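> The structure is given below, and queries will be raised subsequently.
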Amino acid sequence: MLTKKPLASLVALSFSALSSQAFAAVTFGDTELTYGGYIKLDTMWTDTSDGQMATGVGRDFYVPGVIPVGGEGESATFDAHARQSRFFLKTATTLDNGKKINGTLEFDMMSTYPIGDERISNGYAPELRHAFLTYDNWLMGQTWSTFMDLASLPDSLDFIGNTDGAIFARQAQVRYTSGGWQVALENPETTVTPNTGGARIVTDDNSVPDVVVKYNHADSWGSLAVAVMARQLAIESGGMDDNTNGYAVSLSGKYNVSATDDIRFTVNSGEGLGRYIGLNTSNDAVLDAAGKLDAIKVTGYALAYKHAWADKWRSSLIYSAQHIDNDAQLTGLAVTDNTSSYAVNLIYQAASKLMFGVELRHATREILSGDEGDLNRLQFSAKYDF
């Protein structure tokens, strides 16, 4: 257990360790505490063909579902923020039974609503990213969904990089790992498109957790992950009371072309997959005229190639896309039909803990009517790991 120390001593020790090295460690009794994170500045010019993008997270990182469609072109916008900066704490405690329990707590400010404004303070509230414990083969708490494969994410300046086709979700769960196999029960949620279209309905009416089974394999050539998910989609509001089933499969991995170059890929498809892929570009289901849920099929994929030009210079070429099988009679014509994006970057690793980079992105969103809008973005970033 933690040994009690005077607060002033703990604060002094913490700041001393933080200023000296990344992932610094201190020990209190039977517990070792490590901490670290990074500070990152992102600046970007964004030009959209069909109207200016509304102020929000889509201005700070790539969100396919908010690319404007059907408006008038306006001047490019410039945004700068340090919201992706983060801080984590990790603990490892030896218990009286001789076993170890580990804990992780991590925060950033990436998707929280501003508590200040850009006139004066530019303040953002801390947001919980991870809060979980591991004991024996068990993980309990909030972290990346077991259905997600971190190894397949590209080396990008954008927050995600291959957003259109990527699985990306953090949520509370209970996970059991045995060798390469993982089984998890995860916090459920259902997003619904109203009949003939309209504002997204977030129901929070599920009665069972999402279930994920995954197999991971790692070797000298890279890694491969195969996952399946089964979930309930449910709604109980406004006189509606219905549920249906959703399912999805995922194949992803990384192939090491050389000691410095690699190819990363992901292919994901399923009915009721919407909130897990592309930052919820598509909803999980749509309501029919009788108030019954009809699961929406989504398929997404992404491919990225990372190449090292020299010891301190590297680039990634990234392609990502998502296709949504909407029923126009149920959803209307204003919903997203498909999105895609291309990105290329150049990153300079000035030192082991200091990086500068530039990234260019072109993206398109097409709605079911056939109308489409484009996004072009130039991003510069600087990042210091501590």
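The values are calculated or read from the model by the stated rules, or taken from the named source; none is laboratory data. On a predicted model such as this, the values are computed, not experimentally measured, just so you know. So basically every Cβ, Gly included, is an ideal-geometry build from the backbone, and we count neighbours across all protein chains shown.
> Do you know which residues across segment 83-99 are outside any loop (DSSP other than H, G, I, E, B) and either of a type in the set (Ser, Thr, Tyr) or in contact with a His (Cβ under 7 Å, 6 or more places away or on another chain) (or both)?
Within segment 83-99, 91, 93, 94 meet the criteria.
> A further question on this structure: If the requirement is being among the aliphatic types (A, V, I, L, M), touching a residue at least 24 places away in the same chain (Cβ under 8 Å), out of contact with any Ser or Thr (no Cβ under 8 Å at 6 or more places or on another chain) and within 28 Å of residue 223 (Cα to Cα), which of these qualifies: 150, 139, 157, 105?
It is 105.
> If you don't mind, there's one more thing I want to ask. Pick from 125, 92, 151: which is surrounded by fewer than 16 Cβ atoms within 10 Å (Cβ to Cβ), aliphatic (A, V, I, L, M) and out of contact with any helix residue (DSSP H, G or I) (no Cβ under 8 Å at 6 or more places or on another chain)?
Exactly one residue qualifies, and that residue is 125.
> For segment 239-247, state whether one or more residues are over 16 Å from residue 202 (Cβ atoms), surrounded by 24 or more Cβ atoms within 10 Å (Cβ to Cβ), modelled with pLDDT of 95 or more and in contact with a strand residue (DSSP E or B) (Cβ under 7 Å, 6 or more places away or on another chain).
Within segment 239-247, none of the residues are over 16 Å from residue 202 (Cβ atoms), surrounded by 24 or more Cβ atoms within 10 Å (Cβ to Cβ), modelled with pLDDT of 95 or more and in contact with a strand residue (DSSP E or B) (Cβ under 7 Å, 6 or more places away or on another chain).
> In segment 191-208, what count of residues is obtained for those that are under 21 Å from the mean Cα position of the chain (by Cα), surrounded by 18 or more Cβ atoms within 10 Å (Cβ to Cβ) and of a type outside the set (Val, Ile, Thr)?
Total meeting the criteria: 0.
> If you go through segment 214-231 one residue at a time, do you hit one that is over 26 Å from residue 305 (Cα atoms) and not in a strand (DSSP E or B)?
No, because not a single residue in segment 214-231 is over 26 Å from residue 305 (Cα atoms) and not in a strand (DSSP E or B).
> Go through segment 177-190 and report how many residues are under 20 Å from the mean Cα position of the chain (by Cα) and among the hydroxyl-bearing types (Ser, Thr, Tyr).
Within segment 177-190, residues that are under 20 Å from the mean Cα position of the chain (by Cα) and among the hydroxyl-bearing types (Ser, Thr, Tyr) number 1.
> While we're looking at this one, here's another question. Would a scan of segment 322-340 turn up a residue that is closer than 30 Å to residue 37 by Cα and surrounded by 15 or more Cβ atoms within 10 Å (Cβ to Cβ)?
Scanning segment 322-340, I find no residue that is closer than 30 Å to residue 37 by Cα and surrounded by 15 or more Cβ atoms within 10 Å (Cβ to Cβ), so the answer is no.
> Looking at 290, 259, can you tell me which residue is within 29 Å of residue 352 (Cα to Cα), in a loop (DSSP other than H, G, I, E, B), out of contact with any Gly (no Cβ under 7 Å at 6 or more places or on another chain) and free of Cβ contacts under 8 Å to residues at least 60 places away in the same chain?
259
> Any residue in segment 340-368 that is of a type in the set (Asp, Glu) sitting within a Cβ distance under 7 Å of a residue that is not in a loop (DSSP other than H, G, I, E, B)? List the pairs, counting only those 6 or more apart or interchain.
As it stands, the answer is 359/343; 359/345; 359/379; 366/337; 366/338; 366/372, since those pairs meet every condition given.
> Let me ask something else. How many residues, within segment 64-75, are out of contact with any helix residue (DSSP H, G or I) (no Cβ under 6 Å at 6 or more places or on another chain) and modelled with pLDDT of 95 or more? First the steps, then the outcome.
Step one: filter segment 64-75 for residues out of contact with any helix residue (DSSP H, G or I) (no Cβ under 6 Å at 6 or more places or on another chain), giving 65, 67-75.
Right, trim to modelled with pLDDT of 95 or more and you get 65, 67-69.
Counting residues in segment 64-75 that are out of contact with any helix residue (DSSP H, G or I) (no Cβ under 6 Å at 6 or more places or on another chain) and modelled with pLDDT of 95 or more gives 4.
> Restricting the search to segment 295-310, which residues are over 20 Å from the mean Cα position of the chain (by Cα) and of a type in the set (A, V, I, L, M, F, W, C)?
Answer for segment 295-310, where residues must be over 20 Å from the mean Cα position of the chain (by Cα) and of a type in the set (A, V, I, L, M, F, W, C): 295, 296, 308, 309, 310.
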